[in-house]
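Just below is one structure, and these are the notes that go with it.
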Amino acid sequence: MTSAAAQNTWARRPPCGTAAYPRAVAAVHIRYDPAAVAFMVGDEHVAEISRDDAVVAPLGEILHASVSSFEHALKEYEDEGGATVGYIFLADVPLDEFDADTSRRDLALSYLGERLSALVAHGVQKEVAALDADALLTPLLDRHGAERVGRYRDDQGGRLYEFHMLALADRDRDVGALYALGVEAQALLDAAAGEGRLTAASARDLLAGGHAGALIGQPESSWIDAKAIPHRTDTETASFELAKDVAAFANTGEDALIIYGIATVRSPAGEVLDVVRPFKLSALDVPALRNALSGRVTPLLTDLEIDLVEARPGSGHGFGWIFVPAQPTWIRPVLVRGALVDGRIRGSHFSVPFRVGEDTRHWDASTVHSLIQAGRAALQQAGEADAARPPGGP
């Protein structure tokens, strides 16, 4: 059988395709043909046995086969061939390029206990924060109608990894749904590696890498906000709302992310990222967003990033984001020119928004006054110290 170390390497490789696969009940069934020593759909080979005794299948040929029929075929292979199936590898390559021995293996499936599950993994290192896999995976498992059926740790060349076996609750669903579950789960674990949790930067990387769906189920918070469509900039009110949202995150002093193309839903615990809704990317006018921010936010923010990515190449639809890196102490608080008063933007006013959880609040007059007074007191003390210093003294 293939070594666990090799299996882990393949499980962690980024897939060629990241499209969302249908969740409908599958109609295609797989069988094992002992004469051909291969797995068949009708008269077509859809999975083969490699020289290292692994079951390897081109994803496109097995995509719509039911998980239950594949499990049954694997049992037939074990019963008739006397073999023991530990791992099955899915290769996201065109059929005419597929080779069971040499094709890239994009995702590993486990067949322990006669149940197929997607196998994903993350490193366990003492020198970095422990990754809370339970908190990360639970929303994703709920969305996919899946469950974790096993977990174990294994040493891979001197480095410890934790493996998670993720299975679909409904085994009549197709292999494509199991593949999508594994790809998104691995992307989520990879994004959170190092910090031990999902961060604004790792969430941004998921978007950029084509894994927006992995964020579904995450709650809005002091560092993440999601919108189905981008901010507008064609009215004073719209520009003010954009500036307010960005400045509120800048005033947290932490990295933050505004996502475009994911709708939220209200839950008892607050707003939760609910469904991906790729929008027409031509609707995201990056220069207009930057101009609106430069006209209303002061001081200018350091290293602000506004970008977008297509959901599928050539589709013209996708996702966008504003990444607000942690702003240095000496430029905070970040102010917004204008304030919303009686439904109108008053240009002679200014606002100091800040983020608390999923909500945006504003400093009141007493807070602003106290900071001004504190600054004056500090300046006065510095002046008095200078005056008391003897000429030529240190």
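The values are calculated or read from the model by the stated rules, or taken from the named source; none is laboratory data. These numbers come from a predicted model, not from an experiment. Positions of Cβ are backbone-derived with ideal geometry, glycine not excepted, and every protein chain shown enters the neighbour counts.
Kindly evaluate residue 44 against the criterion of being charged (D, E, K, R), more than 17 Å from residue 166 (Cβ to Cβ), in contact with a strand residue (DSSP E or B) (Cβ under 9 Å, 6 or more places away or on another chain) and free of Cβ contacts under 8 Å to residues at least 24 places away in the same chain. Against the criterion (charged (D, E, K, R), more than 17 Å from residue 166 (Cβ to Cβ), in contact with a strand residue (DSSP E or B) (Cβ under 9 Å, 6 or more places away or on another chain) and free of Cβ contacts under 8 Å to residues at least 24 places away in the same chain), residue 44 does not qualify.
The lone criterion from (1) more than 17 Å from residue 185 (Cα to Cα); (2) in a helix (DSSP H, G or I) left unmet by residue 155 is number (2). Looking at region 8-23, can you tell me whether even one residue there is touching a Phe, Trp or Tyr at 6+ places or on another chain (Cβ under 7 Å), at pLDDT below 85, over 28 Å from residue 318 (Cβ atoms) and not hydrophobic (A, V, I, L, M, F, W, C)? Yes, region 8-23 contains at least one residue that is touching a Phe, Trp or Tyr at 6+ places or on another chain (Cβ under 7 Å), at pLDDT below 85, over 28 Å from residue 318 (Cβ atoms) and not hydrophobic (A, V, I, L, M, F, W, C). As for region 349-357, it holds at least one residue that is under 30 Å from residue 209 (Cβ atoms), assigned by TED's automatic domain parsing to the domain that holds residue 236, at pLDDT below 90 and not in a strand (DSSP E or B). The residues in region 199-222 that are touching a helix residue (DSSP H, G or I) at 6+ places or on another chain (Cβ under 8 Å) and either farther than 26 Å from residue 333 by Cβ or buried (at least 20 other Cβ atoms within 10 Å of the Cβ) (or both) can be counted, and the count is 14.
Picking from residues in region 244-301 that are in contact with a Leu (Cβ under 6 Å, 6 or more places away or on another chain) and of a type in the set (Gly, Ala, Ser), the one that is nearest to residue 316 (Cα to Cα) is 292. Applying the criterion of at least 1 residues that are surrounded by fewer than 18 Cβ atoms within 10 Å (Cβ to Cβ) to the strands (runs of 3 or more DSSP E) found wholly in region 248-331 leaves 262-267, 270-276, 305-310, 317-324.
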